[in-house]
Amino acid sequence: MKPSLRALALVGAIAALLAVCILSVAVGSREVPLGDVVQALLDPDRHDLASEAVRLRVPRTVLGLLVGAALALSGVLMQGLTRNPLADPGLLGISSGAAFAIVLGMVILTIDSPAQFIWFALVGSVATGVIVWLIGTRNGRIGDPLRLALAGAIIASLLSSAIQGLLLPRAQTLSQFRYWMAGGLDGARFEQMLPVLPFFAVGMIIALSSGRTLNMLALGDDLAAGLGGSVNRSRAIVATGALVLAAASTALAGPIGFVGLVVPHAVRAVVGVNHNRVLSWSLVAGPLLLVGSDVLGRVITRPADVQVGIVTAVIGAPVFIALVLRQRRAGGRHDH
C-alpha cells in the first residue's frame, strides 16, 4: 500500500476507535444521548441515571483500550518470536496458564484483587510458555508452526479442565469468578487497574522497541546472529514483553482469546511485514477490535451483556480456521 493510502487508513482507524469509545460510553442496557455523555464527563457532581451509567462505562472503556492494545502487541511479539502465524496468547495457552495460576491462588490463598492476580498470572504465563516451547519445538528450533499451535491448544485444554476441577466443588468461588473466566470488561474500576498499570507500561515499552529485533529474527537465527545480535538474549527480551502483556491482561479481564491472532494479520494486510509498523498500528487496531466487540456484546442481547471474550471467539475462530487451512496448503506445496 502506498504511504499516502497508509496514512489515510491510519486516520480512519483512529477515527473508528474514537467512535467506538463514544459508543462504549453511550450504549448499554440504558442508552445515553451524546449530550448527556458530555455533561456527565464535564460535571462529575451530577447524580442522575445517565451520569451514573457514564461513570460505570468510562473505566470499562479504558480497560478495553488497555487490554486490546496489550493483547494485540503480545500477539505480534509471539508471532514474530516463533515465526508462527498461528501464535496468540490464547492459542498458545499463555492466557490459560495465567488464569490457572490465578484460580489456584484464589482457591489456596484466597487472593481476590488484580494487584494479587498479576503476580500469579506472571508465574503461570511464564511456566506455560516454557512448557509449550519445549513441546512445540525441536531442540529449541521452530519447525512446523502447526506443532507449536497444537502444543498450545493441548496445554490450554488441560489447564481449562484443571480450572473447572478446582472451581466446581467451590460454588462461591465459581459464582464469583465465572464471568471473569469467560473474559470480560464489566465491573472495571480504576482502583483495580492502577496496581497493574506498571506491568502494561513495561510490556508496551518492550513491545514498541522490539520492531528491529523481530525484523532480524524473521531472517532466521543464523542471519540474525550474523547481523551482530544475540539471538537468545533478543528472544528472551521479546518473550518477556509478550508474557507480561498477556499476564496483565488476564489479571484484569480474564482470558480473552483471538485478539492477538486477528489484529496482527489484519494490520500486516495494510502495512506489510515491517514489525515497526505492525507494532505501532496494532496499538490502535487492538483496542478498536476489543472495544468494538464489547459494544457489540452489549447490543445483541440487550439488556443482558455477552462477555467480550465470547464475541472475540466468534470473530476469531473463522480467522483461525482459515489460517490453519492456508498453512496446510502451503505445507502440501512444499512437500511436492
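The values are calculated or read from the model by the stated rules, or taken from the named source; none is laboratory data. In this text the structure is predicted, and so the values were computed from the model without any measurement. FYI the Cβ positions are ideal-geometry reconstructions off the backbone, even for glycines, and counts take in every protein chain you see.
A few points about this structure:
- The sole residue among VAL295, VAL271, VAL306 that is more than 21 Å from ARG189 (Cα to Cα), more than 12 Å from the chain's Cα centre (by Cα) and of a type in the set (Val, Ile, Thr) is VAL271.
- The range 152-163, subset under 14 Å from ALA127 (Cβ atoms) and small (Gly, Ala, Ser), residue surrounded by the fewest Cβ atoms within 10 Å (Cβ to Cβ): ALA162
- For the range 131-146, the candidate set comprises residues that are among the aliphatic types (A, V, I, L, M) and surrounded by 14 or more Cβ atoms within 10 Å (Cβ to Cβ); within that set, the residue that is modelled with the lowest pLDDT is ILE142.
- First in the range 234-247 and free of Cβ contacts under 8 Å to residues at least 40 places away in the same chain, second anywhere and buried (at least 22 other Cβ atoms within 10 Å of the Cβ), Cβ under 6 Å, 6 or more apart: SER234/THR213
- Considering the range 9-29, and only residues there that are surrounded by 16 or more Cβ atoms within 10 Å (Cβ to Cβ) and assigned to a loop (DSSP other than H, G, I, E, B), the residue that is modelled with the highest pLDDT turns out to be VAL27.
- Among the residues of the range 236-265, those that are out of contact with any helix residue (DSSP H, G or I) (no Cβ under 6 Å at 6 or more places or on another chain) and either more than 15 Å from ILE94 (Cα to Cα) or basic (Lys, Arg) (or both) comprise ALA236, ILE237, HIS265.
- Boolean, VAL32 is within 20 Å of the chain's Cα centre (by Cα) and buried (at least 19 other Cβ atoms within 10 Å of the Cβ): no
- For ALA149: the one exception among (1) on the phi < 0 side of the Ramachandran plot; (2) loosely packed, with under 15 Cβ neighbours inside 10 Å; (3) at pLDDT below 90: (2)
- Listed by first and then second residue, the pairs with beta-carbon distance under 8 Å, at least 6 apart or on different chains, first residue in the range 107-130 and modelled with pLDDT under 90, second of a type in the set (Ser, Thr, Tyr), are VAL107/THR173.
- Evaluation of LEU283 against (1) at pLDDT below 95; (2) more than 21 Å from ALA322 (Cβ to Cβ) (one fails), failing number: (1)
- Being surrounded by 13 or more Cβ atoms within 10 Å (Cβ to Cβ), at pLDDT 85 or above and part of a helix (DSSP H, G or I) is not true of ALA224.
Residues checked against (1) aliphatic (A, V, I, L, M); (2) in contact with an Asp or Glu (Cβ under 6 Å, 6 or more places away or on another chain); (3) exposed (fewer than 13 other Cβ atoms within 10 Å of the Cβ); (4) at pLDDT below 90:
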{"residue": "ALA188", "(1), (2), (3), (4)": "yes, no, no, yes"}
{"residue": "PRO195", "(1), (2), (3), (4)": "no, no, no, no"}
{"residue": "PHE200", "(1), (2), (3), (4)": "no, no, no, no"}
{"residue": "LEU214", "(1), (2), (3), (4)": "yes, no, no, no"}
{"residue": "SER230", "(1), (2), (3), (4)": "no, no, yes, yes"}
{"residue": "GLY241", "(1), (2), (3), (4)": "no, no, no, no"}
{"residue": "ALA248", "(1), (2), (3), (4)": "yes, no, no, no"}
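- Selection over the range 251-279 of residues that are of a type in the set (D, E, K, R) and either surrounded by fewer than 17 Cβ atoms within 10 Å (Cβ to Cβ) or not in a helix (DSSP H, G or I) (or both) gives a count of 0.
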